[in-house]
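Beneath this line is the structure, given in structure tokens, with notes to follow.
Each reported figure results from applying straightforward, stated rules to the coordinates on display, with no laboratory input. Quick caveat: nothing in here was measured; it's all calculated off a predicted structure. Backbone-built Cβ (ideal geometry, glycine too); neighbour counts: all protein chains shown.
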Amino acid sequence: MRYIFKFPDIGEGLDEGTIVEWHVEKGSTVKMGDPLCTMETDKVVTAIPSPKDGVIAAKFGKTGEVIHVGDALVEIEIEGVSGEAAVEEANKVEAVNEEGAGVVGTLEVAGNSVVLSASREGVKETETVKPEKKALATPVARALAKELGVDIDKVKGSGPAGRVTKEDVTSFAVAPPEKNEKFRSDNNDTVEIEQLSQIRKSIARHMTQSKHNAAHMTLFEEVEISELERIRTRYKETLQKEGVKLTYLSFIVKAVALALKKHRSLNAEMDLEGGKMIYKKYYNIGIATDTEKGLVVPVIRNADRLSVREIASEIAALSEKARSGQLTMEDMKGGTFTITSYGNIGGLFAAPVINYPEAGILGVGRISKQPVVKGEELAIGLVLPLSLSVDHRIADGGDTARFMNTIMAYLADPVTLLFN
Amino acid sequence: MYDIVIIGSGPAGYVAAIRAGQMGLKTAIVERDKIGGMCLNWGCIPSKSMIESVKLYQRILKDSARFGIDGIQTGELSFNWDNAIKRADTIVKRLTGGVEFLLKKNGVDIIKGEAKVTSANSVLVENRLLETKNIIIATGSTSVPLENTFKNLVVEPKELFKQRNIPDNIVVTGNTPVSIELAQLFRMMEKGVTLVTSADHIMPKADDYIRQYMESRLKKDKIEIIYNAPLVSENVVWKDGVLEISGKSIKCDLIINSSARKGNLIKSDIEIEVNEGFYRVDQDCETSVKGVFAVGDVNGISQFAHIGSAQGLHVVNLLKGIKQKLDIHKLPMNMYSFPEAAQIGLTEQEAKSEGYDYKVSEFPLSANGKAMSEGQSDGFLRLISDKKLGEVLGVQIVAPNATDMINEASAYIQLESTVYDIAQTVHTHPTVSEIFMEAGFEAVDKAIHK
């Protein structure tokens, strides 16, 4: 029997991926779970495992090619059935939706006509754009466009009623309008032009979506954390021996998770169209992580229920996965609030962009020794700068300041983290 | 202050004026003689009426018995020139009246008199100064007069249909469609006709194939053509009804001067550049003076009425901000010969010299049922197409009503059609136009009825 395996919807509304590498050839024998190819999607670079045992009968798509969800990826010859039955089976497979092909648990595989899942995150703007009007063009213009490989819908027509003529196609083919391309690659060595990676495209869309939809407001604060530093120093080495790196961030994650429990508007999402506010009762903290390929945001689940030590190990594990490109969609799903920590690289304050549709993001700046007033005395303090951006549609100024105060109180006196 | 003052009310001028009026431009048209110009009053329309009369005469004479009509004593038939002219005059009156009505209906001021351009923004008509934003000169052309030696023998085309007596032997000068039409007109009246031209060919700009066809057709009609024979005194002697020219003696009682024409340049206080007797214009028919345009015969591009009209419309559209390209290849040429001839687009020679990899698909009228039924199956359609894209590059037709049929080809070319479009266009049966579809099939693969 021939089985056609289509690129599955691996969640989060992704609709395309780029083939990074093929792990099989035509004729290769595969077992269920063997990687077929490595695929870069908007969010992850991940291996796509084979859903069946069998022999690869055909591969669709070359390395570097963009594959859409529902497009055929491979055709697998499954042992035991052959000959005429094979064709029928293959047709049947085409007609029936393949059951979850097992990339990560059970997955729905979208057929060509199936509408993608409604997750708004990462949904391409173009999906809502109506298909472009078919160009009015003369038969010769169409024939010539085909001949020259010109997309006639992109050619501006000079004929009556804007009809595209042969001459328009010829001039388009000679010198297409440059409006979409800032730089021409030919004869220009002052710039280097690279194709956008899926991750970079996703970041760009996501940032624009956030700035477009959320009303950003940022609050800056400083908190003195000598006490936290004292505790951290005290337990650092012990935990190090157990393989846990006790970072400031572990404390901050815990403080934020607990603060969110007290200030629900910062752990909310607005459904403006539905006229609803969604307050989440789970506290999943995303950690913005810098990688070579770009920023990714793995999520620490139920951070409110984890100890600082557990959070520390979780951060270490996720960072390692992020750096080695091993993050899965599961690792990045379902965040409710995000922390971006740039202090170890540089920067005191920032106005971070919200990880839409979350309500807020906390920016953690560079810790430095500063003169502080303790009681009536001037002392050397350890100061942590915090920048909190919120979606002002969801959180008011008062909520925001109170939320910040709670975080600061936890960090100034970290023992209180144990009392909640 | 006018938006446009148009000088001349022939087909180039009056069409532009009506269009300008329709578009809400304040327009005046100046005419020194008759509304409608040469075409309506002395050219296209009366000549076509006369040609139709002689064709009918010939038809009855030659075909009536064959077509099953008894009782016609062909020996007693004769052609009544005066009555034919009366019919032509009636048609002319109706048409010119219609043009005047349309001009008025569209708010165009009609100003009678001789115009003089006094500046790029003013035209003086007798004592009246018209201020205007733009000027369109559409004054047409006139035959270059022949030498005085032949003065008593010569008739200008404009005067032709005022003639009362047509003698037996006629010399028509020139090599243009007008010359050939007039030559055949008189031949069909059973006059002796000779065509004398200073050129070495007839039908300038026509495809060689049509030209050769017409040469043999004229020979069959017993119209002699004398080439390379300018009608000047050192070359020609006329004595007692015989013209000695290029070593030949031709019977000649009347010479119709339809050879060279020159632009009707008008008086002007500003200098408007002229080239060989015509206003020099750019691709949008603008003269050397900004805002002053010249359309129709007077710019020397073509002497076809429809091309003059197209130029007039082009300029008015341009002044209204509608910029289009006036492609000379998209303008058809026609000739009211017998049978009629017409062509559009590239000739085979042009397609070759422009480097096209082209195909010629021909379909003869002799294989067309309707043409046979009509008893006029002499002719053909030739389709010149680009091999790679199938683009229709040119069409040539010789058929009894080729001048009507060519408009189908014009639409194909205007719409940049391919031979596939022609082949797939279902043509009604039986019609002469089916030869388009057949040539289309031939171009794609193979004609059905060949």
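What is the antiparallel percent of DSSP beta bridges lying wholly in the protein assembly as shown, to the nearest 5?
Just about 70 percent of them are antiparallel.
How big is the stretch B:147-295 along each principal axis, measuring the range of its Cα positions in Å and listing the largest first?
52, 37, 31
Taking just the C-alpha trace of chain B, give me its Rg and Dmax in Å.
When restricted to the Cα atoms of chain B, Rg and Dmax are 23.2, 68 Å.
Averaged across the residues of B:224-236, what count of C-beta atoms belonging to other chains lies within 10 Å of each residue's C-beta?
Average per residue, whole number: 0.
As I understand it, the dipole of chain B uses +1 on the Cβ of Lys and Arg and -1 on the Cβ of Asp and Glu, about the Cα centre. Which of B:117, B:337, B:56 lies farthest toward its positive end?
Farthest towards the positive pole: B:117.
Given C-alpha coordinates of the stretch B:339-444, what is the ratio Rg to Rh with the Kirkwood estimate of Rh?
On the Cα set of the stretch B:339-444, Rg over Rh gives 0.96.
Considering every Cα-Cα pair within the stretch A:244-293, what fraction, in whole percent, is farther apart than 14 Å?
63 percent
Need one number for the protein assembly as shown: average projected area of the convex hull over its C-alpha atoms, nm².
Mean projected area for the protein assembly as shown: 59.6 nm², to one decimal.
Enter the mean projected area of the convex hull around the alpha-carbon atoms of the stretch A:184-294, in nm², rounded to one decimal.
13.0 nm²
Give me a single rounded figure for A:141-151: the average over its residues of other chain Cβ atoms within 10 Å of their Cβ.
The shielding value for this peptide is 2.
Over the stretch B:267-352, what per residue volume does the convex hull of the Cα atoms give, in whole Å³?
129 Å³
Count, for each residue of A:158-168, the Cβ atoms from other chains sitting within 10 Å of its Cβ, then give me the mean as a whole number.
For peptide A:158-168, the averaged partner shielding equals 2.
Please order B:4, A:231 by the number of other Cβ within 10 Å, starting at the fewest.
A:231, B:4
I need the fraction of alpha carbon pairs in the stretch A:214-419 separated by more than 28 Å, rounded to a whole percent.
Beyond 28 Å sits 24 percent of the P(r) for the stretch A:214-419.
Let me test this: with uniform point scatterers at the alpha carbons of the stretch B:49-146, what is the Debye-based log₁₀ I(q)/I(0) at q = 0.12, 0.13, 0.23 1/Å?
Computed log10 I(q)/I(0) values: -0.69, -0.75, -1.19.
Can you classify the stretch B:1-114 as rounded, prolate or oblate using the Cα gyration tensor, where a ≥ b ≥ c are the square roots of its eigenvalues, rounded means a/c under 1.5, and otherwise it's prolate if a/b beats b/c and oblate if not?
Note, shape of the stretch B:1-114 comes out prolate.
Go through the stretch A:285-298 residue by residue and turn each phi into a ³J(HN,Hα) via Karplus (6.51, -1.76, 1.60, θ = phi - 60°); whole Hz please, and just put x for glycine and proline.
9, x, 10, 5, 10, 7, 10, 4, 7, x, 7, 10, 10, x
List the lysines whose alpha-carbon lies under 19 Å from that of residue B:62, not counting same-chain residues fewer than 8 positions away?
Partners found: B:191, B:219, B:220, B:222.
Averaging over every viewing direction, what projected area does the convex hull of the Cα atoms of the stretch B:196-245 cover, in nm²?
Mean projected area of the Cα convex hull: 4.0 nm².
Any chance you could check the Cα centroid distance between the stretch B:319-333 and the stretch B:341-360 for me, in angstrom?
Here the answer is 20 Å between Cα centres.
Using amide H atoms built 1.01 Å from N in the peptide plane, name the residues 5+ places from residue A:348, or on other chains, whose amide H lies under 5 Å from its own.
Answer set, sorted by chain and number: A:366.
What is the Cα radius of gyration of the stretch A:16-63 over 2.2 N^0.38 Å, N being its residue count?
Compactness ratio reported: 1.11.
Rank the residues B:42, A:22 as a footprinting-exposure proxy: fewest other Cβ atoms within 10 Å of their Cβ go first.
So the ranking, lowest neighbour count to highest, is A:22, B:42.
Based on the alpha-carbon gyration tensor of the stretch B:63-103, what equivalent-ellipsoid semi-axes (square roots of 5 times the eigenvalues) come out, in whole Å, largest first?
Largest first, the stretch B:63-103 gives 36, 13, 5 Å.
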